[in-house]
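No value in this document is a laboratory result; all are computed from the given coordinates. Note that the structure is a prediction, hence the values are computed from the model and not measured. Ideal geometry is used to build each Cβ from the backbone, glycine not excepted, and the neighbour counts take in all protein chains shown.
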Amino acid sequence: MRIVYHLGAHCTDEERLLRCLLKNRGLLGQQGIVVPGPTRYRNLLRDTAIALKGQAATVETQALVLEQIMEEDRAERLILSWDNFLAFIPWAVDGMLYPSAGPRTRAFAQVFPQIEAEFHLAIRNPASFLPQVFHRQKGIKGGKPTLEAFTAGMDIFDLRWSDVVERILEANPEASITLWCDEDTPLIWPEVLQAVSGHAPGTVLEDEGALLAEIMSQEGLSRMKAYVESHPVSSVAGRRRVVSAFLEKFAIPSKVAQEVEMEGWTEGTIAALTEGYLEDVAYLAEMPGVTLIRP
């Protein structure tokens, strides 16, 4: 068996991936892919990891935890999704991006030390990620209430997702990690779902097109469907070209725009953050142990 940890990040997926896989749990179950409801494992894994204090769970503990998570007798893949695996939102940005990513992922993996683990993570341009995290932290008791407190000890232009990934892989040298850019998700969504679930090629998931339905007008969706019916697409690249063309014309602006609103930020700030992000993505694409899903 292999355990798949979908790590978020915050302000990217908003549990859309988990909802889709849960809706298809019967179909996936036929392929040995188990997708338990999140209430079965989130608090359980957190409490177990805390109790273990970084130590590896015994065979008996592993069996007890799996028994509470799974109704099935066996599985090829067990999918666990939680954007708090890396940190709860008040600590998502604390001097750096996810400073506890290494020890936290290791602690969760140690609940099942004898089972192969793989990690999956969506990343996002800090130019839009930081404002979203800041505003969410302000709304949480114990969060950082001021911009000064939020950015204390942090050089926003030096924030790199590759640092997060390196900490995860250093703490879990036997694991692999698959990444994708949140900004690319509309074009690569089927490939993201397949990478996480590991379902067989040709498997058609219900609600696989739900993401496009959220960000494209009904007219655009109808036209795209009619176009695909009359011009069948047989390749991933071909589907992406079709989706890109229809999004360019029929995307709902308020649904695709990633708002950037931070006190004191200028267009130059946003441009510099974006440039650093693109350089970081290029670096991640070449990093050993990393698979980057790109359009």
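Quick notes on this one:
- FRET efficiency for Glu286 and Asp158, using Cβ-Cβ distance with R0 set to 25 Å, rounded to 0.05: 0.80
- DSSP-defined antiparallel bridges as percent of all bridges, the chain, nearest 5: 10
- Under a model in which nothing but the beta-carbon of Lys, Arg (+1) and Asp, Glu (-1) is charged, the chain shows a dipole of about 600 debye around its Cα centre.
- Environment charge at Tyr277 (Cβ cut-off 10 Å; Lys +1, Arg +1, Asp -1, Glu -1): -2
- Summed residue charge, Cβ within 15 Å of Arg104's Cβ, Lys/Arg positive, Asp/Glu negative: -1
- Over segment 144-209, equivalent-ellipsoid semi-axes from the Cα gyration tensor in Å: 33, 18, 10
- Taking packing as the residue-averaged number of other Cβ atoms within 10 angstrom, the listed peptides 48-59, 191-202 run from highest to lowest as 191-202, 48-59.
- Flagged links, alpha-carbon separation over 30 Å, of Lys225/Lys255; Lys138/Lys225; Lys23/Lys225; Lys23/Lys138: Lys138/Lys225; Lys23/Lys138
- The modelled label-to-label distance for the pair Ser222/Thr274, using points 7 Å beyond Cα in the direction of Cβ, is 3.4 nm.
- Based on the reciprocal of the average 1/r between different C-alpha atoms, the Kirkwood radius for the chain equals 20.4 Å.
- Volume per residue for segment 226-289 equals 149 cubic angstrom (convex hull of Cα atoms).
- Peptides 34-41, 223-230 ordered by packing proxy, namely the average of other Cβ atoms within 10 Å per residue, highest first: 34-41, 223-230.
- Loop sites in segment 23-78: GluC sites (Glu not before Pro), DSSP, at most 14 other Cβ within 10 Å: Glu71, Glu72, Glu76
- Normalising the average separation of contacting C-alpha pairs (under 8 angstrom, six or more residues apart) by the number of residues puts the relative contact order of the chain at 24 percent.
- Within segment 1-142, DSSP assigns beta bridges of which about 10% are antiparallel (rounded to the nearest 5).
- The distance between label points at Thr266 and Val242 comes to 4.6 nm (points 7 Å beyond Cα on the Cα→Cβ vector).
- Where the alpha-carbon atoms of segment 1-83 are placed on the principal axes, they occupy 33, 33, 18 Å, in descending order.
- Spin-label model, Arg42/Glu60: points 7 Å from Cα along the beta carbon direction are separated by 3.1 nm.
- Per-residue packing, averaged as other Cβ atoms within 10 Å, sorts the ranges 278-289, 3-14 into the order 3-14, 278-289, beginning with the highest.
- Given their separation in residues at 0.36 nm each and the Cα-Cα distance between them, Ala257 and His231 gain 6.4 nm when the chain is fully extended.
- For the pair segment 1-21 and segment 86-109, the centres of their Cα atoms are 16 angstrom apart.
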